[in-house]
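**Q** Sharing a structure, written as structure tokens. Questions coming.
The values are calculated or read from the model by the stated rules, or taken from the named source; none is laboratory data. Just so we're clear, the structure is a prediction, and the values are computed from it rather than from any experiment. A quick note on method: Cβ atoms are made from the backbone with ideal geometry, for glycine too, and the neighbour counts reach across all protein chains shown.
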Amino acid sequence: MKRLSAPLAIAALCAAGVCHAAGVVQCTFVNPEQFADIRDANFSIDHNLQAVQRIIVGAATPYVGDGQTLKVEVLDVDLAGEIRHGRRGFDVRVLRGAADWPRITLRWTLETAGQAPRSGQAVVQDMAYLQRIAPAFADTALIYEERMLNEWFRSRFEN
């Protein structure tokens, strides 16, 4: 029996109609320098902006079908916890579970060919972020924001 390489096997499945082509997810930030709390312990915003963008695109992609475009504008970010100045110049993000829950304000537009676009604005937040079990394996330091956004996209866009 002849084996197909992974790219050829995927192409064969797609040609047979088994694969579902996903739509497009676009994520932009509106005035990120004015966000409530996007900085990391090094007071850099770039790393966390990239992580939030990756999380949003990953969380939204399963719910955007072929021929659809979801545009997400991030209007504000307040990450879980607070940056505290530590000894010897090492700053850390402290999570207390009080009024330091993750909160992301976004505006979204879902465009589908031949239909009027749907849009909305939401403040996505998880006030009980420390009262639930955190994911055991995460590829980002923003585990609470990732869980929160995954749950919001599922509840908002799942059929």
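**Q** Would you be able to tell me the number of residues in the range 22-65 that are part of a loop (DSSP other than H, G, I, E, B) and either among the aromatic types (F, W, Y) or under 14 Å from F153 (Cβ atoms) (or both)?
**A** Within the range 22-65, residues that are part of a loop (DSSP other than H, G, I, E, B) and either among the aromatic types (F, W, Y) or under 14 Å from F153 (Cβ atoms) (or both) number 6.
**Q** At pLDDT below 95, more than 25 Å from C27 (Cα to Cα) and aliphatic (A, V, I, L, M): is that true of A141 in this structure?
**A** no
**Q** Can you find a residue in the range 7-24 that is more than 19 Å from I143 (Cβ to Cβ) and at pLDDT 95 or above?
**A** yes
**Q** Does any residue in the range 96-125 that is under 16 Å from D66 (Cα atoms) come within less than 8 Å, Cβ to Cβ, of a residue that is aliphatic (A, V, I, L, M) and in a loop (DSSP other than H, G, I, E, B) six or more places away or on a different chain, and which pairs are these?
**A** Hits for this filter: L110/V64.
**Q** Going by what's in this entry, would Q34 be described as farther than 17 Å from A141 by Cα and of a type in the set (S, T, N, Q)?
**A** Answer is yes for this residue.
**Q** Test each condition in (1) exposed (fewer than 15 other Cβ atoms within 10 Å of the Cβ); (2) modelled with pLDDT of 85 or more for W152 and report the one that comes out false.
**A** (1)
**Q** Let me ask something additional. Please name all residue pairs, on different chains or six or more residues apart, with Cβ atoms under 6 Å, provided the first residue is in the range 19-40 and is under 18 Å from W101 (Cα atoms) and the second residue is modelled with pLDDT under 95 and part of a loop (DSSP other than H, G, I, E, B).
**A** Once the first residue is under 18 Å from W101 (Cα atoms) and sits in the range 19-40, its partners that are modelled with pLDDT under 95 and part of a loop (DSSP other than H, G, I, E, B) give D37/L79; I38/I45; R39/I45.
**Q** To continue, here is another question. For the range 82-131, how many residues meet the condition of being modelled with pLDDT under 75 and either of a type in the set (G, A, S) or in contact with a His (Cβ under 8 Å, 6 or more places away or on another chain) (or both)?
**A** Number of matching residues: 6.
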